[in-house]
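Undergrad: Below is a structure I'd like to ask you about.
The values are calculated or read from the model by the stated rules, or taken from the named source; none is laboratory data. Since we're looking at a predicted model, the values are computed, not measured. Note that we place each Cβ from the backbone using ideal geometry, even for glycine, and neighbour counts take in every protein chain shown.
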Protein chains: 2
Amino acid sequence: MDYKKIFSQSTRKQGSSMIRELVASTRGIEGLISFAGGFPSPKTFPTKELSELYADVVKNEGCEVLQYGASEGDPVFKQALINYEIKSNLKASEIITSVGSTNAIFAYAKCFIDEGDYVICEAPSFLGTVVAFEAMGAKLQGIEVEDDGMDMVQLEVEIQKLIADNQKIKFIYTIPEFQNPTGVTMSKIKRERLIELAELYDIPILEDNPYGELRYCGQRIDSIFEIARMQNKNIVTSVKSFSKVLGPGMRSAYMMGDEVIIAKVALWMQKIIVSSDCVTQRVVGRFLERNMLDAQLQKISEIYKPSLNAMLDALEKYMPSTLKWTKPEGGMFIWITLPQDMSGDELFEAAKAEKVCFIPGSKFYPKGQEKYNAIRLNFTFADPATIEEGVKRLARLFKK
Amino acid sequence: MDYKKIFSQSTRKQGSSMIRELVASTRGIEGLISFAGGFPSPKTFPTKELSELYADVVKNEGCEVLQYGASEGDPVFKQALINYEIKSNLKASEIITSVGSTNAIFAYAKCFIDEGDYVICEAPSFLGTVVAFEAMGAKLQGIEVEDDGMDMVQLEVEIQKLIADNQKIKFIYTIPEFQNPTGVTMSKIKRERLIELAELYDIPILEDNPYGELRYCGQRIDSIFEIARMQNKNIVTSVKSFSKVLGPGMRSAYMMGDEVIIAKVALWMQKIIVSSDCVTQRVVGRFLERNMLDAQLQKISEIYKPSLNAMLDALEKYMPSTLKWTKPEGGMFIWITLPQDMSGDELFEAAKAEKVCFIPGSKFYPKGQEKYNAIRLNFTFADPATIEEGVKRLARLFKK
């Protein structure tokens, strides 16, 4: 039977992942140094602690955690999260757990998006989310990312244009901390301005915050969600993940927001997954309860900080002064802006000969809004010495 | 901000779970005997074995299983499944893992359903799936369930009617083994006829098979998927779950089918969850590899068979002869058909006074196709003595 003719419209339109195919094209290059991935370093995984916790939880709490759990999340995990997010003073009805951030974002988007609705996002932004919104039928309006985050002037202009054009804007999607792909962190002033604009135009904010805990230097800034809570405003929903803190294979994340939204997200969760893995939820809950997170974050910082510094130092040392790059204080990525007439896509092909790779900047834009003169480098997978060698190879491409 | 006015159409239409609310209404009744749930007995959970496997997997394979995994599923788990499903002779591209069956069914449905498309299902059927299809905008056409499964004559009549009416039928959804809610198993002849009809009218089949391994007596019948594979037909997709075999909290399941469909399901999985929990996937994979499943199924049968028999015996002994009920050889449920003029919903309210509960049959139908003269009893959660007492209480309702 030929299934293609009966697939749904949204399924027919979907292509395979461009980034996946790019990465696949570098397979088999011997001695390749890759800055392409978005994978955490396995050195950060707390295998010993987790091995013991999994054993304990299944042995002692198996009758509970092997049974069906609530779509809203494991109560022990949720209580541990409420304690951890003390600043936000959450009720249980304001938080839900999920299979990675992706799952919570998908359910949130299902709550709002009808075919043709607009979502505003940073451009560039995280591709995984962008394609999920597009697959649901949303149109995306990208906003430029400056050194201190989303351009708030352009944001207001675009909102006004869309409203004048009778378009429905369903929410603003932002990654304010060590953004993927740019590494940029939104300033406090811009966070406050974003909340103001959201209130003024009655548009909810979805704050995607997977890297917030990965700060290696500098000063923590309150999340957009925390700032809004302190102002008693319910306009922000926040999603946070343990993927970069414990290990992405555990698919552990949670969403916080107005209880009206969380209840609707839960209704979708019932239909999409029933609940996330109850064993893993309880394990992460016990990990938090036993105050094991601080030491884990310290360990991550000790592993990633030298890599970040190695990359920043090597860029300074080897790269031509005509290039500009971001200087993040945490996260996993650095973004290099190329000269206006240079394409990251072409550079990607040339880089294969030098046995180094990265993701071309164009891959991180909503469809039809691509810019080409940038590349994304990941610094968390390779060790500092490899990073220096990789940047050296990269620099050679600019001397030809 | 008032979110209600900007929720998506499909979100506004969703109600909360009727079954949940029913069950909640019996909370606080002291000494209640419940036949309402669909929960496996915690006595069946292999906590010791799983505790050890979780510890081993995270300790020895942590670097792999704590890392991001493929949306198609953990390769070790998939290989173990391919070996387990030896009769179907699967390629890796014909199988994908999921967060419980619900997740795979949701992704499969996303591949096919556009607003207004038809799905054909048994009536009654599993409510969780029915409401998920409805939430995606599908219309459902229910087909009556006879003692040997879906009525094939009515099925063909309804297919012809819908085609004549220019409706698009996207797939036929069936639970052929110990069906939820009726406990009915589809005969081999009907399975073969279903495949014939599917081929004749070019309509794929989605076989939901969570109870197939829970057979306590009688003869195993090849699954619809297995029969179609042996006939070299790619028209059936099958989803199976470890929820009733190991523990639903682990959310472990998998889908098998034509590789064109599985590839599309994987594209949706990327957007919905990225992948299911890699730790749990590997644990179930090792459980299968080490041939621990046979003993586990044996243990389950030893626990559930006395309960099934206790319920069948008690029904025979205490219930009026005017009632009819199914006599399943496995699974978790028995379906009682009441006299035509009696309502399971009204009986539910009356039963509270007798401190016994169940789910009224009307809750298992597509919207607008409800029938009222039936109730569903679960026999896997209570022990045999409690089951007898519960049926006694139930029988009293018919003497008033």
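Undergrad: How about region B:26-73: which of its residues are closer than 19 Å to A:Val65 by Cβ and among the acidic types (Asp, Glu)?
TA: Of everything in region B:26-73, those that are closer than 19 Å to A:Val65 by Cβ and among the acidic types (Asp, Glu) turn out to be B:Glu49, B:Glu52, B:Asp56.
Undergrad: If you don't mind, another one. Taking region A:198-230, which residues are touching a residue at least 24 places away in the same chain (Cβ under 8 Å), surrounded by fewer than 19 Cβ atoms within 10 Å (Cβ to Cβ) and within 14 Å of another protein chain (Cβ to nearest Cβ)?
TA: A:Glu199, A:Tyr201
Undergrad: With the checklist (1) surrounded by fewer than 19 Cβ atoms within 10 Å (Cβ to Cβ); (2) of a type in the set (Phe, Trp, Tyr); (3) modelled with pLDDT of 95 or more in hand, flag the one item A:Tyr54 doesn't pass.
TA: (1) is the only condition that A:Tyr54 fails.
Undergrad: Of all residues in region A:1-52 being of a type in the set (Ser, Thr, Tyr) and part of a loop (DSSP other than H, G, I, E, B), which is nearest to the other protein chains (Cβ to nearest Cβ)?
TA: Among residues in region A:1-52 that are of a type in the set (Ser, Thr, Tyr) and part of a loop (DSSP other than H, G, I, E, B), the one nearest to the other protein chains (Cβ to nearest Cβ) is A:Ser8.
Undergrad: Examine region A:259-272 for a residue that is among the polar types (S, T, N, Q), in the same structural domain as A:Ser88 (by TED's automatic domain parsing) and buried (at least 20 other Cβ atoms within 10 Å of the Cβ), and state whether such a residue exists.
TA: Scanning region A:259-272 turns up at least one residue that is among the polar types (S, T, N, Q), in the same structural domain as A:Ser88 (by TED's automatic domain parsing) and buried (at least 20 other Cβ atoms within 10 Å of the Cβ).
Undergrad: If you don't mind, another one. Residue pairs, Cβ under 7 Å, 6 or more apart or interchain, first in region B:346-366 and free of Cβ contacts under 8 Å to residues at least 24 places away in the same chain, second assigned to a helix (DSSP H, G or I) and buried (at least 22 other Cβ atoms within 10 Å of the Cβ). List them.
TA: Close Cβ pairs satisfying both conditions: B:Ser362/B:Gly344.
Undergrad: Return only the number of the condition from (1) surrounded by fewer than 17 Cβ atoms within 10 Å (Cβ to Cβ); (2) outside the structural domain of B:Thr26 (by TED's automatic domain parsing) that B:Lys327 does not satisfy.
TA: It fails just one condition, (2).
Undergrad: Mind listing whichever residues of region B:247-258 are surrounded by 24 or more Cβ atoms within 10 Å (Cβ to Cβ) and out of contact with any Lys or Arg (no Cβ under 9 Å at 6 or more places or on another chain)?
TA: Hits for region B:247-258 are B:Gly247, B:Pro248, B:Met250, B:Arg251, B:Ser252, B:Gly257.
Undergrad: Take the residues in region A:273-287 that are touching a Leu at 6+ places or on another chain (Cβ under 7 Å) and surrounded by fewer than 24 Cβ atoms within 10 Å (Cβ to Cβ), then tell me which one is farthest from A:Gly73 (Cα to Cα).
TA: The extreme case among them is A:Phe287.
Undergrad: For B:Lys91, which of the numbered conditions (1) at pLDDT 95 or above; (2) closer than 30 Å to B:Thr11 by Cβ fails to hold?
TA: (2)
Undergrad: Which of the numbered conditions does A:Tyr68 fail, given that it passes all the others? Conditions: (1) at the interface with chain B (Cβ under 9 Å from one of its Cβ atoms); (2) buried (at least 17 other Cβ atoms within 10 Å of the Cβ); (3) part of a helix (DSSP H, G or I).
TA: Every condition holds for A:Tyr68 apart from (3).
Undergrad: Just to be sure, is B:Met292 away from every other protein chain (no Cβ under 13 Å), in contact with a Leu (Cβ under 9 Å, 6 or more places away or on another chain) and surrounded by fewer than 22 Cβ atoms within 10 Å (Cβ to Cβ)?
TA: The answer is yes for B:Met292.
Undergrad: Collect the residues in region B:189-222 that are of a type in the set (Ser, Thr, Tyr) and either closer than 22 Å to B:Ser301 by Cβ or assigned to a loop (DSSP other than H, G, I, E, B) (or both), keeping them in residue-number order.
TA: Of region B:189-222, the ones of a type in the set (Ser, Thr, Tyr) are B:201, B:211, B:216.
If the condition is that a residue be of a type in the set (Ser, Thr, Tyr) and either closer than 22 Å to B:Ser301 by Cβ or assigned to a loop (DSSP other than H, G, I, E, B) (or both), then B:Tyr211, B:Tyr216 are the ones that fit.
Undergrad: What's the total number of residues in region B:369-384 that are in contact with a helix residue (DSSP H, G or I) (Cβ under 8 Å, 6 or more places away or on another chain) and part of a loop (DSSP other than H, G, I, E, B)? Before the answer, list the steps.
TA: Taking region B:369-384 first, the residues in contact with a helix residue (DSSP H, G or I) (Cβ under 8 Å, 6 or more places away or on another chain) are B:370-377, B:379-380, B:382-384.
Of the ones still in play, those that are also part of a loop (DSSP other than H, G, I, E, B) are B:370-373, B:379-380, B:382-383.
Looking only at that region, the number is 8.
Undergrad: To continue, here is another question. Which of the residues spanning region B:248-269 are within 24 Å of A:Lys4 (Cα to Cα) and more than 7 Å from chain A (Cβ to nearest Cβ)?
TA: First pass over region B:248-269, keeping only residues within 24 Å of A:Lys4 (Cα to Cα): B:254-269.
Across region B:248-269, the qualifying residues are B:Tyr254, B:Met255, B:Met256, B:Gly257, B:Glu259, B:Ile262, B:Ala263, B:Val265, B:Ala266, B:Trp268, B:Met269.
Undergrad: Follow-up. So, in region B:231-244, of the ones that are within 11 Å of chain A (Cβ to nearest Cβ) and either surrounded by fewer than 24 Cβ atoms within 10 Å (Cβ to Cβ) or of a type outside the set (Ser, Thr, Tyr) (or both), which residue ends up nearest to A:Thr280 (Cα to Cα)?
TA: Kept after step one, since they are within 11 Å of chain A (Cβ to nearest Cβ), are these residues of region B:231-244: B:233-237, B:241-244.
Then drop every residue that is not either surrounded by fewer than 24 Cβ atoms within 10 Å (Cβ to Cβ) or of a type outside the set (Ser, Thr, Tyr) (or both), which leaves B:233-236, B:242, B:244.
Working: B:Lys233: 39, B:Asn234: 36, B:Ile235: 36, B:Val236: 33, B:Phe242: 16, B:Lys244: 18 Å.
Looking at the filtered set, the residue picked out is B:Phe242.
Undergrad: Which count do you get for residues in region B:229-284 that are part of a strand (DSSP E or B) and of a type in the set (Ser, Thr, Tyr)?
TA: Quick first cut of region B:229-284, residues part of a strand (DSSP E or B) only: B:236-241, B:252-256.
When the remaining residues are screened for being of a type in the set (Ser, Thr, Tyr), the result is B:237-238, B:241, B:252, B:254.
Result for region B:229-284: 5.
Undergrad: Across region B:66-90, which residue is nearest to the chain's Cα centre (by Cα) among those that are of a type in the set (A, V, I, L, M) and within 22 Å of B:Leu297 (Cβ to Cβ)?
TA: The qualifying residue nearest to the chain's Cα centre (by Cα) is B:Leu81.
Undergrad: Only one of (1) in contact with a Ser or Thr (Cβ under 9 Å, 6 or more places away or on another chain); (2) in the same structural domain as B:Ser34 (by TED's automatic domain parsing); (3) aromatic (Phe, Trp, Tyr) fails for B:Tyr318. Which number is that?
TA: So the condition that B:Tyr318 fails would be (1).
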